[in-house]
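Quick note: the coordinates plus some simple rules give every number you see, no bench work behind them. Please read all numbers here as calculations on a predicted model, not as lab measurements. Positions of Cβ are generated from backbone atoms using ideal geometry, with glycine treated the same way; all protein chains shown enter the neighbour counts.
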C-alpha cells in the first residue's frame, strides 16, 4: 500500500508564494477531494507534486512511501508511482499515441515484459472503455483533440501506466454528462486498496460518482478545512463565503 | 487504422541491438600514415602528380588541368555561409592510405579494416546490401558486388578502377550532369578528384537490395574529393546509399564531392545519404540527377554534423512525365551552419517534383533552406510542391528559408509551405511526467517532427537516423 505525504510545503513561481505551509496525506485505498475557489493554488499543488520546472519548492517535503520527491525530476516521480492528469494537457505534434504510451510504459515498468501485441490489445480495450476511437492510436498526442478527448486520454494513460498515487486536476471539466459517467466508471474500476486518489474539482457532480472519504478546502495556498463529503455539498449550494467567514 | 506491429517490433529490436553495440561516437581517429601524399597546397604540379600516380589516360589528365584553371579563376562564393576559414594552403589534397584495392575484407590492412568494423560496415554489407565500396581518405580500399548482379552486367567499383576498366563508359558520363564550370567546388573536385563510386545498372535490371559506398576521412586538415557516377539505364531500378564520417580535429578538413546520377527512360533511382561529418569539416558537394522520360528520381538525405554544409541536390527533369522527390533532414548542432535545400528544374511537359525539407537547430546552430524551382516555357502541366519545416530547440537556435522560383510556363502549378516550431517546457514536462527522461522527451519530439519523412524512407535508414539523432541530442545537456 502506497502513501503520499506532503508536509509543511511552501512553493513559489518566481517571487510569488503560491503554496503556503500545506500538509496532506493520501494513503492507498483513500479518495480525497480538493476544492477551493479560483486561484486558491489547487492546480499549482498538482504541478508542484509532479515537479514542473516553473515551480520552486522553498521548504517542506513530498514523500511517496518515505522517498523524498522534492528535488527529483518529473520522470523520477512518475517512476515512483505518481500520476497527474493535467487540467489542460498540451498537444505534442508528431509524437504518436502508440509510441508515447509504449515508451512511457517501458520507463515506468522496466521489468515487465509485455509483447507489443499484448500491449496494444490492452490499450485498445481501454480506449473503448474511456470512449476513444481506435484510430486515435495513430494520432499525435492531444493534437487536434477536443477538450473531452484530452480528458479521456489522461484517464487512458492512468490505466495503462498503473500509478500508485493519482492526482486528477479538474478531470470533470469539459466532459458532458455521459462522458463524465464513462470516465468515472474507468476511475472506479481502477480504484483499489493499493491506489490513493486526490481529485481536484470545482463541482460536486464528479464526487457523486466517485465518493471521497475526505474533502479538503484550499484558499490562498493553505488547507483551511477538512471533513467529509458533506462539505462538497454545502459548497455546491452556498459557495465558499461560509468558509471564508468561518 | 491498423498498427504495423511487425514494423514497431522490428524497430524496437534494432534500436536495442544498436544501443548494445555502443558505437556512441564516430569521432575517433586512426594513427595511420598515408603511404602517399601530395603534401599541402594546390598547384599544377599537384594535379599532375595525382594523375601520374593514378596512371590515368591523357583525356582525364587534361580535364583535371582545365578544371584547375577554372577553380583558380572562380572566387569563393560569399552569398551563403562564411567560408573564409577554409585554409586552402595548408590542406592536403591527396592521401593514399594503401597501395591495394581489394574485394575481400580479410585483405584490407588491419587498422583500416578495424575502423570499418567499428562503423559496422562489413556486417551491414552482409545483411542488407547487394554491393559495397569503402573509401578511406582519398582512395577506395575495398569493393565488392554480389555475383548475381555482376552476372547481370552491373558494374560497381570505385571510379578510379572504372576509369581503367571501362574508360569509354566513364567518358560518356563524366562531368556531363555536373560540368566543372558549375561552381568553384565542382571545379576543385574536377582538378583533384579521387575515389567515389561508379555504378552502372544495365537496361531492365532491377536490383532489389541497396548498394552502398562508405566514405571515411581520417587525416587532419585533409580534403576528400570523391566523384560518384550512377547510371540507371532504361527500365532499371537501383537504390544507392552513401554514408560518411570523419574524426574531429582542431584543424578543419574539406569535403567537396561530385555526384552525378543518370536516370534513363522508365528507370527508377533512389539515392540515400547519411552524412555525419565531425565539427571540423567543410562539406561542399555538388549533386545532380538527369531524369529522362517517365523516369523517377528520389533523393533521401540526412545531414548531421559538419562545421559548414552547402548542399542542394538537383533534379533536371528532361523527359516528359519525369518525377523527382527530395526528402531532406538537416540537423544543425552547436557551431554548425547548414545551408541546404534542393533544386528542381522542369524542362519537359508533365513533369513533377516534390521537396520536403526538415531542419532542426540546436544551441547556436543555424539551418537555412535554400531552394530553386524552375519551370521552363513549354513544360506544360508540370507540378511542384515544396514543404519546409524547421524546429528550434534553444532560444539562440535559428532557421531561415530562401525559396527561389522561376516559373515561365503558365500551366504549371506549384505550392510552398513553411513552418517553424520550438520545443517548449510544457511539452517536455508533459512527456517527462509520464516517465520519459528529458533527453528521451526531446528526441521523441524531434523524431515526431520528422515522422512524416521517416515514414517514407527505407527502414534501415530510418533506424540509423533515429539513432544518430538521439546520439546527437544526447550530446547537448539541457534542452528546452
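For this structure, a couple of remarks:
- Segment B:390-410 and segment B:93-107: distance between their alpha carbon centers, rounded to Å: 42
- Using alpha-carbon coordinates, inclination of helix A:97-108 to the longest axis of chain A, degrees: 70
- Counted by neighbouring Cβ atoms within 10 Å, the residues B:430, A:203 run from fewest to most as A:203, B:430.
- For A:52, B:416, B:227, the sequence from fewest to most other C-beta atoms within 10 Å is B:416, A:52, B:227.
- Between A:12, A:152, A:77, the residue with the greatest mean-square fluctuation in the GNM of chain A (Cα pairs under 10 Å linked by springs) is A:12.
- Across peptide A:137-146, the mean count of Cβ atoms from other chains lying within 10 Å of each residue's own Cβ comes to 2.
- Highest GNM mean-square fluctuation among A:182, A:223, A:35, for chain A modelled with Cα contacts below 10 Å: A:182.
- 10 Å-binned pair-distance histogram of segment A:3-245 (Cα, whole percent): 7, 32, 37, 20, 4, 0
- Neighbouring partner chain Cβ atoms per residue of B:420-430, average, 10 Å criterion: 5
- Each label was represented as a point 7 Å from its Cα along the Cα-to-Cβ direction; for residue A:128 and residue A:8 these points are 5.3 nm apart.
- Cα long-axis angle, helix A:177-190 against chain A (0 to 90 degrees, to the nearest 10): 80
- Measuring between their Cα centroids, segment A:36-102 and segment B:424-454 lie 16 Å from each other.
- Part-to-part distance (alpha-carbon centres) for segment A:118-132 and segment B:261-312, which is given in Å: 43
- At the listed q of 0.08 Å⁻¹, the Debye profile of the protein assembly as shown, built from one uniform point per Cα, gives log10 I(q)/I(0) equal to -0.72.
- In this calculation the C-beta distance from residue B:128 to residue A:234 is compared with R0 = 60 Å, giving a FRET efficiency of 0.30.
- Here the calculated FRET efficiency for residue B:415 and residue B:456, from their Cβ-Cβ distance with R0 = 30 Å, stands at 0.95, rounded to the nearest 0.05.
- Seen against the Cα atoms of chain A and their longest principal axis, helix A:116-130 is set at about 50 degrees.
- Among A:125, A:101, A:168, residue whose mean-square fluctuation peaks in a GNM of chain A (springs only between Cα atoms under 10 Å): A:125
- On full extension, the segment bounded by residue B:59 and residue B:396 gains 116.2 nm, given 0.36 nm per residue less the C-alpha separation.
- Of the Cα atoms belonging to chain B, the radius of gyration and Dmax stand at 21.6, 68 Å.
- Estimated FRET transfer efficiency (residue A:112, residue B:111; beta-carbon r; R0 35 Å; 0.05): 0.20
- Summarising the overall dimensions of segment B:365-434 from its C-alpha atoms, the Rg and Dmax are 17.8, 58 angstrom.
- Residues B:299, B:193 in ascending order of nearby Cβ atoms (within 10 Å, fewest first): B:299, B:193.
- For residues of A:74-81, the mean tally of beta carbons on other chains within 10 Å: 5
- Entry note, segment B:182-304: relative contact order of 26 percent, from Cα contacts under 8 Å with a spacing of 6+ residues.
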